[in-house]
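Quick one: structure below, then a few questions.
Read-outs throughout are calculated quantities, based only on the coordinates presented, and are distinct from any laboratory measurement. Worth saying up front: this structure is predicted, and the values here are computed from it rather than measured. Please note: Cβ atoms are built from the backbone with ideal geometry, for glycine as well, and neighbour counts cover all protein chains shown.
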Amino acid sequence: MGKQTTAELQLTFDDKIDYLRPMRTLTINLPGTIDLNDKEVKMVLASKLYELGKLTLGQAAELVGYSKETFMELLADYGVSFFNYSPDELDEDIKNAENYSL
């Protein structure tokens, strides 16, 4: 049996609810056999936290080190929709938009 190696990744991010709280650092030990670089691991985490509503689009993009535009473009590669709305929220927004005309 070969020796298993691990890669260590440290992530720092803003807490969505209270910006006055200090940043947190998370250390993840990954098996060395996982074929992901640090940026890809950050993107997986950021996209999932965005999908769950734990991070805003801007916070998730900042976590990875991308602009909001780049992050939005990459979300589909991770199976996450840019439109992070429930059907009810989307219906409500459409109703609100119908009240305004240009």
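Looking for something surrounded by fewer than 12 Cβ atoms within 10 Å (Cβ to Cβ), in a helix (DSSP H, G or I) and of a type outside the set (Gly, Ala, Ser) - is there at least one such residue anywhere in the range 75-83?
yes
Which one is nearest to THR25 (Cα to Cα), of the residues in the range 43-74 that are part of a helix (DSSP H, G or I) and of a type in the set (Phe, Trp, Tyr)?
TYR50
List the pairs whose first member sits in the range 43-70 and is in contact (Cβ under 8 Å) with a residue 12 or more places away in the chain and among the β-branched types (Val, Ile, Thr), whose second member is exposed (fewer than 13 other Cβ atoms within 10 Å of the Cβ) and assigned to a helix (DSSP H, G or I), and whose Cβ atoms are under 8 Å apart, counting only residues at least 6 apart or on separate chains?
VAL64/LYS39
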